[in-house]
């Protein structure tokens, strides 16, 4: 099933290169959030990781992060972008 990605500001479906570019930006930002260098400084995210026995964080949380908020407000778009990561589960 393919996610209907939209630009939240104008609500038009994204296709092709724009969709790939959006997914890449989201994936890179999410990989940064979970990088060793960021986690060493980010007590908020570290605490969330510690709360779950498997170290998972609900993707809904990231909708409030400014860098992600600039890109999308759709959790399914975040999930699809993260699914393309070789680093994140």
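Would you mind ranking 61, 68, 87 so that the residue whose beta carbon has the fewest other beta carbons within 10 Å leads the list? Kindly include the intermediate steps, with their values, before the conclusion.
Numbers: 61 14, 68 21, 87 10.
Least to most surrounded, the residues fall as 87, 61, 68.
Springs join every pair of Cα atoms under 10 Å in this Gaussian network model of the chain, and among 20, 67, 50 the largest mean-square fluctuation is at 50.
Kindly identify segment 50-89 as rounded, prolate or oblate by the Cα gyration tensor criterion: order the square roots of the eigenvalues as a ≥ b ≥ c, call it rounded if a/c is under 1.5, otherwise compare a/b with b/c, prolate if a/b is larger, else oblate.
Oblate, because a/c is 1.5 or more while a/b does not exceed b/c.
Measuring max minus min along each principal axis, the C-alpha atoms of the chain give extents of 37, 24, 22 Å (largest first).
For the chain, the longest principal axis of the C-alpha atoms and the axis of helix 16-33 are separated by about 10°.
The numbers here are math on the coordinates, done by the rules we state, and not lab data. The structure displayed is predicted, hence computed values, not measured ones. We place every Cβ from the backbone using ideal geometry, glycine too, and count neighbours over all the protein chains shown.
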